[in-house]
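Engineer: Dropping a structure here in structure tokens format, bear with me for questions.
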Amino acid sequence: MEPSTQIDSEHYSSHLSSVNNVQDVFATEDIQNEQGQLIVPAGNSLDSKAAAQVVKFKLLKPIETSVAIDGQLDAEALYQAIRVIFLNDKELRELWFMHNDDDELQKLCAGLSRYPLLLQKLTVLKLQLPQVFNQAAFCAWLSQRLFIEEPEIARFELFVATLFHDIGLLHLDPALLDKEHRQNAAQWRQWQSHPLIAQQIILSCKDLSVNCANAVAQHHESPDATGFPRGLISKQICREAQIIEVLDEVWHYYIDIFQPKERSLNDLIPLLQMNQNYRNNDDAEALILIFKSMPANELCFTPPAFIEPLIDFLQSKFHYIEQFLIITSELNKIVGFKHGEKSLLGMQNMLIHIHVTLVRSGVMNAGYIRWIEQVKQEKLAHAYKEVEDVSLMLSVICNYCEQFMHALGRFVEEEYEHKQQEAMQDIHQKLEKLERPEANEILTDQIIEVS
């Protein structure tokens with residue numbers, strides 16, 4: 001079932017009410033319900049009392065068209081907001097000074113002046129969901145380095161799509177931003193609707209293209225057809241959406257994992273290489289070149305006392321992936337390739353991509369595994385940095401394996417009358433007995449690990 005594209009004003013109205021606590025939000029015209037009854041008179045503040053009235057009724061017009069925010073973002077304020085995100089972090093500041101084009105960025109921000117409704121929503125996003133805003137701003141800035149050879153209109157529309165790709169979150173229950181609150185199918189469908197809501201918002205801007213709206217709608221799609229909201233395959237996903245997806249991943253890796261341990265953007269390269277191998281993504285390769293231009297850290301992060309436990313952890317990943325591949329090797333023989341079933345095709349694509357990624361990376365072969373053991377036994381210090389990188393790369397593969405297991409679990413649960421149910425259930429049960437390697441708490445504090 002595809003998530004609903006209907007835009008609900010309830011949560012956005014609540015956000016506007018909260019914004020009113022720090023910046024005046026007022027009605028620019030009478031706010032009326034569907035029957036024409038007055039809810040909030042023009043000129044009145046949208047405080048908590050007014051917002052409580054608004055959410056009780058279906059409105060004659062969307063709430064955002066009838067309000068204004070005093071001091072909302074304009075071109076200069078947006079430029080400064082993006083600039084601050086980069087200058088407040090050592091690594092991002094280095095990236096900014098090496099690759100920023102000030103004139104271009106100011107021109108892009110100025111282009112948004114034509115869309116006061118988008119700037120209103122961006123203001124609310126910055127105040128209410130600041131981490132989401134920071135991520136969007138980072139991705140929008142970096143996207144321009146990947147589209148530098150494209151026509152001006154294409155660069156602007158990618159900037160818009162990247163900056164607003166998560167704007168639909170303002171129309172959802174904020175609790176859903178925490179994965180712990182996405183426990184049932186209804187909550188997941190609601191969460192998965194946010195790209196479609198953002199698409200509708202972009203489509204409301206008449207001179208932005210359908211491609212710009214599609215980039216927003218498709219940014220959670222995956223080339224193996226396991227993404228959402230529509231489960232598209234690689235050739236159906238526009239390049240712009242794939243750029244947004246990889247930039248979101250870069251932000252997550254850096255902010256959540258690398259930055260807290262004072263690691264560099266250059267250290268993300270092994271993860272981007274796996275992304276490039278899995279998705280055959282030329283833009284991931286371009287990002288690698290950008291990060292290669294950043295100062296490199298040639299030293300091993302892991303303290304010497306923890307190298308042997310790290311190698312043990314790495315070897316357990318080798319074993320886990322090897323067993324995963326053995327168990328899943330029968331799937332294609334069981335279902336074939338002429339079934340025409342989207343869910344099966346998605347799982348088969350995932351397995352193909354895992355195999356291709358491993359082959360391209362060159363880390364999953366007997367000779368390399370023997371070399372890792374040699375590093376451990378002979379304490380080859382010059383190879384410790386490579387051990388760290390390979391451990392990160394295999395963590396990404398482990399994540400792909402888990403994504404496959406979740407997809408298979410859904411299939412077994414939902415397709416209980418399928419003719420291959422028994423065989424698929426057997427594979428699922430075997431996979432459930434596999435335990436993903438986990439570092440203990442002490443080792444986790446000493447290494448970089450992608451979960």
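Engineer: Within 27 Å of Phe138 (Cα to Cα) and surrounded by fewer than 14 Cβ atoms within 10 Å (Cβ to Cβ): which single residue out of Glu76, Glu34, Glu91 fits that description?
Structural biologist: After applying the criteria, what remains is Glu76.
Engineer: Scan segment 422-451 for residues that are assigned to a helix (DSSP H, G or I) and touching a helix residue (DSSP H, G or I) at 6+ places or on another chain (Cβ under 7 Å) and report the count.
Structural biologist: Number of matching residues: 9.
Engineer: Okay, moving on. Specify which of the listed residues (Ala81, Ala136, Ala50) is in a helix (DSSP H, G or I) and modelled with pLDDT under 95.
Structural biologist: One residue alone meets the criteria, Ala50.
Engineer: With (1) closer than 22 Å to Leu268 by Cβ; (2) at pLDDT 95 or above as the list, and Arg155 as the residue in question, which single condition is left unmet?
Structural biologist: For Arg155, the failing item is (1).
Engineer: From the list Leu358, Leu344, Leu392, which residue is in the same structural domain as Pro309 (by TED's automatic domain parsing), under 27 Å from the mean Cα position of the chain (by Cα) and more than 22 Å from Arg436 (Cα to Cα)?
Structural biologist: Leu344
Engineer: Regarding segment 283-299, can at least one residue be identified that is at negative phi, at pLDDT 95 or above, in the same structural domain as Glu435 (by TED's automatic domain parsing) and touching a His at 6+ places or on another chain (Cβ under 9 Å)?
Structural biologist: no
Engineer: Going residue by residue through segment 355-373, is there one that turns out to be among the charged types (D, E, K, R) and touching a helix residue (DSSP H, G or I) at 6+ places or on another chain (Cβ under 9 Å)?
Structural biologist: Within segment 355-373, one or more residues are among the charged types (D, E, K, R) and touching a helix residue (DSSP H, G or I) at 6+ places or on another chain (Cβ under 9 Å).
Engineer: Is there any pair with a first residue in segment 167-183 that is on the phi < 0 side of the Ramachandran plot and not assigned by TED's automatic domain parsing to the domain that holds Leu127 and a second that is in a helix (DSSP H, G or I) and crowded, with 17+ Cβ neighbours inside 10 Å whose Cβ atoms are under 8 Å apart and which are 6 or more apart or on different chains, and what are they?
Structural biologist: none
Results for (1) in contact with an Asp or Glu (Cβ under 9 Å, 6 or more places away or on another chain); (2) among the aromatic types (Phe, Trp, Tyr); (3) assigned to a helix (DSSP H, G or I), shown as yes or no for each residue.
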position	(1), (2), (3)
Leu158	yes, no, yes
Thr162	yes, no, yes
Trp188	no, yes, yes
Ala198	yes, no, yes
Lys206	no, no, no
Ala215	yes, no, yes
His219	yes, no, no
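Engineer: Kindly indicate whether Gly231 is assigned to a loop (DSSP other than H, G, I, E, B) and free of Cβ contacts under 8 Å to residues at least 60 places away in the same chain.
Structural biologist: no
Engineer: Same structure again: Every residue in segment 263-322 that is surrounded by 17 or more Cβ atoms within 10 Å (Cβ to Cβ), among the polar types (S, T, N, Q) and farther than 29 Å from Ile442 by Cβ, please.
Structural biologist: Asn275, Gln276, Asn277, Asn281
Engineer: Report yes if Ile243 is within 28 Å of Gly111 (Cβ to Cβ), among the hydrophobic types (A, V, I, L, M, F, W, C), surrounded by fewer than 17 Cβ atoms within 10 Å (Cβ to Cβ) and in contact (Cβ under 8 Å) with a residue 60 or more places away in the chain, otherwise no.
Structural biologist: For Ile243, the condition - within 28 Å of Gly111 (Cβ to Cβ), among the hydrophobic types (A, V, I, L, M, F, W, C), surrounded by fewer than 17 Cβ atoms within 10 Å (Cβ to Cβ) and in contact (Cβ under 8 Å) with a residue 60 or more places away in the chain - is not met.
The values are calculated or read from the model by the stated rules, or taken from the named source; none is laboratory data. Please read all numbers here as calculations on a predicted model, not as lab measurements. Cβ: placed from backbone, ideal geometry, glycine included. Neighbour counts: every protein chain shown.
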